[in-house]
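What follows draws every value from the coordinates through simple rules; no lab data is involved. Worth saying up front: this structure is predicted, and the values here are computed from it rather than measured. Reconstructed Cβ throughout: ideal geometry from the backbone, glycine too, with neighbour counts over all protein chains shown.
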Amino acid sequence: MATWSPFPHPGLFNFTVESLKKSWVRLHAGDAEPYPQHPLLEQAWVHFHNGDFAEARTLGLEAAAAGESSGMTVANKATCIYACYLEKSEQARLDLFMDVAQRAGAQTVHTPHNQNGWFLQAYALGRYSQAISVAKALAQGLGSKVKDSLERTLQICPQHVEARIALGAFHAEVIDKVGALIGGMTYGARKDVGLQLLSEALHHNPDSAAGLVEYANALVMLNGDASHDQANQLYERAASCVPADASEQLYCELAKTELTAH
């Protein structure tokens, strides 16, 4: 594995196994991941929440190789967060997303009731699609796979906030790229469904910086200037969120960038 760039705020978060247990519900309000039962997985998640994504990936894959299938979840999530926010090479970012999509796809075969196997497969393919352009990804058939995987996540785990956010964003992006008519007929994308999913996600987790940013983005894509003020309010709320861990810190910084751009 190539050397990964470090989290830019070393020491900002200092989780231990003990504090991980106490904060777990807050940290995993978005993905409903159950608390790990294996010490290696506990350590992997400690590294993840502190921003040591490379070590989280390594320990997660070690746990998975030892028979702890949920090790794949922490490895894949660490890879996705790193690829999204810290990897500087576009090709390396694409390769990492495809690595996750392949590993998560295998995880859904071996443990089909693991909601985060389905979710991280969709997440990785969705980010890959955004990187190569949504229109090109739709032409390659990736859109349907993303949508199906997110819907499967919500069938398994209706309270999965991150899947609700991602599926809402999917509806908005498809309509934005191919129009409401083709988006609806070909991909089942609907404006009302997308906005409803994002609204529900924020109802379940009103402090989700990711949910606030994606909802704002969706409003801009679907309503244009008519939603400018509402979108800015959402960006402002996201920028003022207090991050609970390293991944949220990175997303809050993105929200501040979005606010500046808008």
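In the elastic network of the chain, a GNM with C-alpha springs shorter than 10 Å, the most mobile of A239, A101, A226 is A226. Evaluated with a Cβ-only charge set (Lys, Arg +1; Asp, Glu -1), the range 17-261 carries a dipole of roughly 500 debye about its Cα centre, given to the nearest 20. Of the residues P34, P112, P158, the one that moves most in a GNM of the chain with alpha-carbon contacts below 10 Å is P34. Extending 7 Å from the Cα toward the beta-carbon at both A180 and S133 defines two label points whose distance is 2.5 nm.
Put in line by how crowded their Cβ is, counting other Cβ atoms within 10 Å and starting with the fewest, T108, T58, T16 read T16, T58, T108.
With θ taken as phi - 60° and the Karplus curve 6.51 cos²θ - 1.76 cosθ + 1.60 applied, the whole-hertz 3J(HN,Hα) list for the range 14-25 is 9, 5, 10, 4, 5, 6, 4, 4, 5, 9, 4, 4 Hz, x standing for glycine and proline. Once you order the gyration tensor axes a ≥ b ≥ c over the Cα atoms, which shape class does the chain get: rounded for a/c under 1.5, otherwise prolate or oblate by comparing a/b with b/c? Because a/c hits 1.5 or more and a/b exceeds b/c, the chain counts as prolate. Using a simple spin-label model with pseudo-atoms 7 Å out from Cα toward Cβ, V242 and L12 lie 1.6 nm apart.
With the cut-off at 1.5 for a/c, could you classify the range 15-100 from its C-alpha gyration tensor as rounded, prolate or oblate? The shape class here is prolate. Between helix 161-178 and the chain there is an angle of about 40 degrees, using the helix long axis and the longest principal axis of the Cα atoms. For a label point 7 angstrom out from the Cα of A2 toward its Cβ, which stretches of the range 127-160 have the backbone nitrogen within less than 20 Å? Of the residues in the range 127-160, 127-133 have backbone N under 20 Å from the label point off A2. Each Lys or Arg adds one and each Asp or Glu takes one away; over the other residues whose Cβ falls under 14 Å from the Cβ of S19, this sums to 0. Residue by residue, the range 114-121 carries 3J(HN,Hα) couplings of 7, 4, 7, x, 5, 5, 6, 4 Hz when phi is fed to the Karplus relation 6.51 cos²θ - 1.76 cosθ + 1.60 (θ = phi - 60°); x denotes Gly or Pro.
The C-alpha atoms of the chain define a longest principal axis, and helix 209-223 lies at about 20 degrees to it.
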